[in-house]
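Written below as structure tokens is the structure these notes are about.
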Amino acid sequence: MPSWIRAVILPLSGLLLSLPAAADVKARSCSEVRQAYGAKGFSLADIPYQEIAGEHLRICPQEYTCCTTEMEDKLSQQSKLEFENLVEETSHFVRTTFVSRHKKFDEFFRELLENAEKSLNDMFVRTYGMLYMQNSEVFQDLFTELKRYYTGGNVNLEEMLNDFWARLLERMFQLINPQYHFSEDYLECVSKYTDQLKPFGDVPRKLKIQVTRAFIAARTFVQGLTVGREVANRVSKVSPTPGCIRALMKMLYCPYCRGLPTVRPCNNYCLNVMKGCLANQADLDTEWNLFIDAMLLVAERLEGPFNIESVMDPIDVKISEAIMNMQENSMQVSAKVFQGCGQPKPAPALRSARSAPENFNTRFRPYNPEERPTTAAGTSLDRLVTDIKEKLKLSKKVWSALPYTICKDESVTAGTSNEEECWNGQSKARYLPEIMNDGLTNQINNPEVEVDITRPDTFIRQQIMALRVMTNKLKNAYNGNDVNFQDTSDESSGSGSGSGCMDDVCPTEFEFVTTEAPAVDPDRREEESSSAAQGSYSLLSWPLVCMVLALQRLHR
């Protein structure tokens, strides 16, 4: 063959060999992509039947493609929505934990206070009758203030309890000394002797310790559940940056544009995208974990010495015990008050002597744990605390774990066992770049997401601060200190592994935390109760008669 012929034929043959390949590429069908795209609810009018040149693409590889500009825009928005839903679904557990447990604890504490007030009212009506009813506002005010404190009111518990005992002393002092008239100034002098005389025995001191510790712990714990609920709700609603949206589109839907709608992203590729998109959320983790640890510490307090159920359940019995102490020591108390405040003026003579009504029940009915409801809101504090502790432990590291949880989802990635047949951002092949560490600063070299590490998310920083403030309140509550009324000179709130209680503050025994009734023969128990009741009757009869007479005089 002449050389000039060979020179013409050989180039032509090379050209002909290359033409079928180009024709094959252009002829690739987009039917699978059309089916998958339509299943997403999009109009098939946007999508070509066969691949087209991809110079118009702004995110996906600019090669032959099944995507038009409209498709890339719509799929980009779809990837944003799916990402937001994924984060919300993945954080669903932690959000529902705080929402449901806050509701349960709040219902429990409110019902516990209602039950305690009702129990005291019922018991005191039976025990003191009209005498109590004419002075019931003293006790109603006590529970009103306790409820106001629990619901976030600006109440100093110690001062409020001191005022309660001072008011009770003033009322009782008048009742046990009906032959005298007391001015307001005189009664104010009487109240000043409350601590010195200890007319109610040791009950006020013990009750103050237990009530303040229990209420501080209960209120702070519920506030902690509120903060956890709010932070979880806010952080789970993400607003992806433009750089994140581009990365999400490239990961989730560029396979569509390449004609590979069934190929899912490589697991490690997904991790880098999610770590870049959720870098600020991961920074929340440190403060969140400290918050959870503080919640668990206070939960332990609620189970132990700061158990509000153990404090409130028998509070009526303890207050009645204090009143009986006052009655028993009324002569000594009166003598010391007269000595310190002066001899009071005699009251006008009673026009007629009156005896106590026959239906006035002077017997004090002893507290029987079996007669009381064992729970409020259909459960007990111990059961509630055990449940929430388990849930709180599971919620640790939840924010740094979000990328791993999302990328484990079989509907999102190809999984760790399929590293060769997955989408790596460019094609169906193994993903080679290394996985980034957690947090904003570690995303400086993220190969998938453009992250400005110099501009932390202000919204996330606000949540971090909210957690930090709440954690400090929880630590104070663990030590028995109310952050709103804490004495700045008190160093007992410092860090440490001890109980957080000082010897002269935290009682070594909690006398009215009754866990189990001692085994007593039924007949013997009945005899002892009867003899105790008779003793109480004989001991208290004369002061009670005086009280009734005095009240009758005051209300004539």
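The values are calculated or read from the model by the stated rules, or taken from the named source; none is laboratory data. Since the model is a prediction, treat every value here as computed from it, not as a measurement. Cβ sites come from the backbone with ideal geometry, for glycine too, and all protein chains shown count toward neighbours. Calculation scope for accessible area: heavy atoms of the full protein, side chains included, ligands and nucleic acids excluded. Shrake-Rupley method; radii C 1.70, N 1.55, O 1.52, S 1.80 Å.
The table for this structure:
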| read-out | value |
| --- | --- |
| Selected residue (only one of Val238, Val190 is farther than 30 Å from Gln78 by Cβ, at pLDDT below 95 and surrounded by 22 or more Cβ atoms within 10 Å (Cβ to Cβ)) | Val190 |
| Which numbered condition Ser493 misses (of (1) modelled with pLDDT of 90 or more; (2) under 28 Å from Ala232 (Cβ atoms)) | (1) |
| Test: residue in region 414-436 that is open to solvent by 50 Å² or more (accessible area, probe 1.4 Å), modelled with pLDDT of 95 or more and within 25 Å of Glu84 (Cβ to Cβ) | yes |
| Residues (part of a loop (DSSP other than H, G, I, E, B), within 52 Å of the chain's Cα centre (by Cα) and aromatic (Phe, Trp, Tyr)) located in region 29-73 | Phe42 |
| Residue tally, condition open to solvent by 40 Å² or more (accessible area, probe 1.4 Å) and within 27 Å of Gly276 (Cα to Cα), over region 47-77 | 9 |
| Failed criterion for Thr226 (all others in (1) of a type outside the set (Lys, Arg); (2) surrounded by fewer than 22 Cβ atoms within 10 Å (Cβ to Cβ); (3) at pLDDT below 95 hold) | (3) |
| Region 299-331, subset open to solvent by 40 Å² or more (accessible area, probe 1.4 Å) and outside any helix (DSSP H, G or I), residue modelled with the highest pLDDT | Asp313 |
| Condition met for Leu394 (buried (at least 19 other Cβ atoms within 10 Å of the Cβ) and not β-branched (Val, Ile, Thr)) | no |
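Conditions tested, residue by residue: (1) surrounded by 16 or more Cβ atoms within 10 Å (Cβ to Cβ); (2) touching a residue at least 60 places away in the same chain (Cβ under 8 Å); (3) not β-branched (Val, Ile, Thr).
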position: Leu120; (1), (2), (3): yes, yes, yes
position: Val125; (1), (2), (3): no, no, no
position: Tyr132; (1), (2), (3): yes, no, yes
position: Ser136; (1), (2), (3): no, no, yes
position: Gly152; (1), (2), (3): no, yes, yes
position: Leu157; (1), (2), (3): yes, yes, yes
position: Phe164; (1), (2), (3): yes, no, yes
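The rows are residues; the columns are (1) at pLDDT 95 or above; (2) acidic (Asp, Glu).
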residue: Ser43; (1), (2): no, no
residue: Asp46; (1), (2): no, yes
residue: Leu57; (1), (2): no, no
residue: Pro61; (1), (2): no, no
residue: Thr69; (1), (2): no, no
residue: Glu72; (1), (2): no, yes
residue: Leu81; (1), (2): yes, no
